Amino acid sequence: MPPSVASPLVDHHCHGVARADLGPEDFASFLTESDAPAAPGTTFFDTQLGFAVRRWCPPLLDLPAHCPPARYLARRRELGAREVNGRLLRAAGITDYLVDTGLPGDLTTPQELAAAGAATAHEIVRLEALAERVADGVDPPDAAEGFLHGLATAVQDAARTAVGFKSVVAYRYGLDFDPAPPDPAEVRAAAARWLDRRTPGGRLADPVLLRHLLWSAARTALPLQLHTGFGDPDLRLDRCDPLLLTDFVRAVRPTGCSLVLLHGYPYHRGAGYLAHAFPHVYTDVGLSLTHTGARAEAVLGEMLELAPFGKIMFSSDAYGLPELYVVGAQLFRRALARLLTGWVDDGSWSPDDARRIAGLIGAGNARRVYRLGAGGADG
């Protein structure tokens with residue numbers, strides 16, 4: 001195994017974990033992207049992800065690997081959320097968390113996550129959530145003007161402290177949006193329409209305003225993460241193919257903004273092509289590895305076919321469960337080690353190159369793209 005595969009990782013896309021103890025149903029809900037119950041007579045432990053949790057996490061809670069789910073969950077309750085979070089997060093071997101703070105729920109803040117994991121946290125600002133917070137604070141008259149002014153200020157303020165932005169336009173509309181920046185009159189009209197019919201807390205799904213958000217973030221020149229590929233039933237998977245972003249990728253290039261294509265599955269090869277063809281495009285397969293479990297090596301191998309090695313980054317996309325940090329890190333390290341060892345053994349790669357590339361994908365590329373510095377920085 002190339003030694004640096006076991007080196008500390010930078011998790012460039014993740015979320016907070018639950019502060020409170022979780023019951024069996026709440027725990028299992030984090031093992032799936034579905035919004036429906038498991039098949040009759042089964043649970044979501046009966047998935048590649050569920051099996052990976054049972055393989056890697058029980059020993060960290062003083063249990064044998066592959067112990068039954070009920071026993072694992074009982075031990076989890078016995079220890080309590082604080083102890084479980086600390087044990088599992090520290091065991092993942094992650095030095096830096098780049099935390100998307102746009103998800104709802106009683107989740108740890110970036111600072112709390114960093115403290116529990118003995119690591120450093122940096123914030124990734126979710127654009128749609130930022131816009132919705134601004135909208136909640138404006139009142140008529142001239143609500144549209146107040147919203148747009150407040151949004152511009154909020155984006156600039158966020159750019160001073162965050163290390164990047166994130167968009168879920170894939171969920172709210174799809175990736176087949178008009179790639180051109182909307183003109184100011186179009187944006188004002190769209191803002192007026194949205195605010196006129198919006199109730200407090202209402203979601204932003206207007207395609208004009210979503211495009212305005214993307215271009216507002218791109219002009220800051222901070223990295224912009226984009227969800228691509230599979231997710232929960234709130235999206236249309238056929239409209240989440242990253243290749244639909246090709247014209248937007250071309251249009252954004254002059255801004256200096258790096259686009260980071262997240263997840264990708266089952267379109268991860270298309271994301272790899274975009275990273276290959278365009279200098280400002282980067283990619284990962286984070287959530288794909290977590291959910292494909294024992295097949296993670298095959299998925300990672302497909303990403304490594306075409307994407308330049310300086311364009312691929314590790315992420316867990318962990319959300320809610322500290323177990324997802326453990327599983328994400330273990331599956332990534334195991335898949336990459338097996339691939340690189342095979343290529344070294346058959347003479348395709350040298351051991352030194354294997355170690356160097358493992359270090360880039362695991363941490364070095366993220367440090368460069370997000371300007372974290374050699375040892376990271378508080379965010």
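Would you please state the base-10 log of I(q)/I(0) at q = 0.14 1/Å for the range 262-379, with intensities from the Debye formula using one equal scatterer on every alpha carbon?
-0.57
Just report the Cα centroid separation between the range 301-360 and the range 1-45, whole Å.
Their Cα centres are 19 Å away from one another.
In Å and from the alpha-carbon atoms only, list the Rg and Dmax of the range 3-369.
Taking only Cα atoms of the range 3-369, I get Rg and Dmax of 20.7, 70 Å.
List every residue whose amide H lies under 5 Å from the amide H of T120, counting only residues 5 or more places away in sequence or on a different chain, with H placed 1.01 Å from N in the peptide plane.
The answer is D96, Y97.
Starting from the Kirkwood radius over alpha-carbon pairs of the range 72-168, derive D by Stokes-Einstein at 25 °C in a medium of 0.890 mPa s and give it in µm² s⁻¹.
Diffusion coefficient, whole number: 157 µm²/s.
Provide the percentage of antiparallel DSSP beta bridges, counting only those with both residues in the range 3-369; round to the nearest 5.
5 percent
Report relative contact order for the chain in percent, whole number only (criteria: Cα-Cα under 8 Å, sequence separation at least 6).
It comes to 23 percent, rounded to a whole number.
Roughly what % of Cα-Cα distances in the range 204-254 sit above 18 Å, to the whole percent?
38 percent
Divide by every residue of the chain the summed helix terms, -39500 (n - 2.57) for each DSSP H run of at least 4, and state the resulting mean residue ellipticity at 222 nm, rounded to the nearest 500 deg cm²/dmol.
Mean residue ellipticity, 222 nm, calculated: -14000 deg cm²/dmol.
If you project the alpha carbons of the range 313-355 onto the principal axes, what extent comes out on each, in Å, largest first?
Reported extents, whole Å, longest axis first: 42, 15, 10.
Compare the peptides 91-98, 245-252, 218-225, 232-239 by average per-residue count of other Cβ atoms within 10 angstrom and give them in order, highest first.
Highest-to-lowest ranking by the protection proxy: 91-98, 218-225, 245-252, 232-239.
No value in this document is a laboratory result; all are computed from the given coordinates. Remember, predicted model here, so these are calculated numbers, not experimental data. Don't worry about glycine lacking a Cβ; one is built from the backbone with ideal geometry, like all the others, and counts go over all protein chains shown.
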